Amino acid sequence: MDRFLSLMGALFLYCHSLVLAQSGERLSLQQAIAIALQQNPEITGAHRAVDAARGRFWQGVSLPPPSLVLGYDYIPTGSGIAAYGERSIGISQSFDFPTTIALRGSSLASEIDAATEDVRSTSHLIVMKAKLAYFSVLARQEKLMLAEENLQVAEDFARKAGIRLNVGEGTNLEHLTAMVQLTQSQNDVESARNQLRIAMSELNLVLGGADARLDQEYILTDTLPHRPLAVSLESLSEHAHNSNPMLRSSRFRLEAASTRRTIAWSGLLPSFALSYARQKQGGNADLYGVALEISVPIWFLFDQRGRIQEASAEYAGLDAALTAQQRSVSLAVKNAYLEFSDGERQVRLYDTALLPQAREVYRAAAAGFQAGEISYLEFLQARQTLISVRGATIDALYHYNATLARLEYTVGTTLGE
């Protein structure tokens, strides 16, 4: 019986792969990640934010537009403009104190760095989503194959239970139980198919192309891996505080705020305006004039004081937010590490103990039922135990890979490579 079921399961898996090969395109995990990073609209929006930050940088370090001045002076009352006594054509350029311009450029450069880290953060998020969606499809496919394999077994035993009842070797209770199990197995297959469709739609959504179809079918070429990692919570936490792009982005924004606070204090320094003019007075057209204007910040008790207060408050707020974010990342790393460790423990438990034990119980029950030593209900219990453990093994593998993906996202790097 066990050999027959193994052969039937292998035949089913082969036929199932042939059907998928005719209905979808092949997709590896790395291909899914590459497609998501290229086409997902979230990453496109993050890149545009970097472009906008670069645009603000050039605006910030640029001098204000110069002024062109055309003046006619000493015009007698009642005369036209042509009766001017003096004409001047000049250009005037205003600019801030040089250190203020440099500080403004430094602040905006930090904003560019922050936006770049936001791109990294969004990329890590998309990679995590792509992995979770990919692993979910893999797990749902495994669950569907398990349900269909169980349905084949239920159909076989329902047929045999009917035969045994007809020849007087079985009981009506055994036959009714087999029919109930058959109906339940049919329902499990339909539920597994629906869950697979949902998981495939979520994968299509993560891939996120402009013309993406949520009903696109893929043949996933990877499997649910189990690659043990030797990592410690302390090293992961330290790495996260150095590499987590969200923290790095917040630090760059704090640097920008610190520079803006210095710029606010620089408002106490004067700004300048330099002008040059060609002049004509009477019959002498070979005249020129130059002027240097220096602003006097006499209203520092109002304008500059308000700017300094605003910039200082902004810096203090961002500093407090960064501290809170660092604590949040520390907690997130700890929780993700504990979930990953628990996932690792569960995979090992099912792989080394529960699954081999359940298979052994099923083999013994199948042999005993075939020899007439145990009842169908006892055999059914053993089969349900094996199905439950196999399903839980799939769940454990998915949980392990999902928690690893979340841990990598929280730390801000790929682990084990």
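The numbers here are math on the coordinates, done by the rules we state, and not lab data. Keep in mind the model is a prediction, meaning the values are calculated, not measured. Neighbour counts are summed over all protein chains in view; Cβ atoms, including those assigned to glycine, are modelled from backbone coordinates with ideal geometry.
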Checklist entry - By how many degrees, 0 to 90 and rounded to 10, does the Cα axis of helix 233-243 deviate from the longest principal axis of the chain? => result 40
Next on the checklist: If I build a Gaussian network model for the chain, linking alpha-carbon pairs within less than 10 angstrom, which residue out of S62, S136, S330 has the largest mean-square fluctuation?
Outcome noted: S62
Item to check | Helix-only [θ]222 nm of the chain, DSSP H runs n ≥ 4, -39500 (n - 2.57) each, per residue, nearest 500 | outcome: -25000 deg cm²/dmol
Checklist outcome for this item: Whole-Å distance linking the alpha carbon centroid of region 134-206 with that of region 213-255 is 37
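Using Cα pairs under 8 angstrom and six or more residues apart, how large is the relative contact order of the chain, in percent? Provide the component values of the computation, followed by the final result.
Values: 525 pairs, mean separation 97.3, N = 417.
With pairs under 8 Å counted, the relative contact order is 23 percent.
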Next on the checklist: Could you tell me the relative contact order of region 75-222? Use alpha-carbon pairs under 8 Å, at least six residues apart, and round to a whole percent.
Outcome noted: 23
Checklist entry - Could you give the length gained on full extension between T413 and Q184, defined as 0.36 nm per residue of separation minus the Cα-Cα distance, in nm? => result 78.0 nm
Checklist entry - Using Cα atoms only, what is the angle between the long axis of helix 41-61 and the major principal axis of the chain, expressed in degrees (0 to 90) to the nearest 10? => result 20
Checklist entry - Plugging the Kirkwood radius over Cα pairs into Stokes-Einstein for region 66-206, at a temperature of 25 °C and a viscosity of 0.890 mPa s, what D comes out in µm²/s? => result 104
Checklist entry - Where does each of V389, V361, V180 land when they are ranked from fewest to most other beta-carbon atoms within 10 angstrom? => result V180, V361, V389
Checklist outcome for this item: Relative to the compact-globule estimate 2.2 N^0.38 Å (N residues), the Cα gyration radius of region 218-271 stands at a ratio of 2.21
Next on the checklist: Let me make sure I get this right: for region 130-210, a, b and c are the square roots of the gyration tensor eigenvalues over alpha carbons, sorted descending. Under 1.5 in a/c it's rounded, otherwise prolate if a/b > b/c, else oblate. Which is it?
Outcome noted: prolate
Next on the checklist: How large is the translational diffusion coefficient of the chain in µm² per second when you combine the Kirkwood radius over alpha carbon pairs with Stokes-Einstein at 20 °C and 1.002 mPa s?
Outcome noted: 76
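List nothing, just return the count: lysine pairs in the chain, 8 or more apart or interchain, with Cα separation under 21 Å.
Numbers: K129/K143; K129/K334; K131/K143; K131/K334.
Lysine pair count for the chain: 4.
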Checklist entry - Over all distinct Cα pairs, what is the inverse of the mean 1/r for region 87-129, reported as the Kirkwood hydrodynamic radius in Å? => result 13.8
Checklist entry - Roughly how tilted is helix 29-39, in degrees to the nearest 10 and between 0 and 90, from the longest Cα axis of the chain? => result 30
Next on the checklist: At q = 0.11, 0.18, 0.20 Å⁻¹, what log₁₀ I(q)/I(0) does region 215-348 have when each alpha carbon counts as one equal point scatterer in the Debye sum?
Outcome noted: -0.72, -1.04, -1.12
Checklist entry - For the pair S330 and L63, what calculated FRET efficiency results from E = 1/(1 + (r/R0)^6), where r is the Cβ-Cβ distance and R0 = 51 Å, to the nearest 0.05? => result 0.65
Checklist entry - When the convex hull of the Cα atoms of region 275-417 is projected onto a plane and the area is averaged over all directions, what value comes out in nm²? => result 21.4
Checklist entry - For the chain, modelled as a Gaussian network with Cα springs under 10 Å, which listed residue fluctuates most, N242, N187, N284? => result N284
Checklist entry - Which residue fluctuates the most in the chain, going by a Gaussian network model with Cα springs under 10 Å, if the choices are E378, E42, E117? => result E378
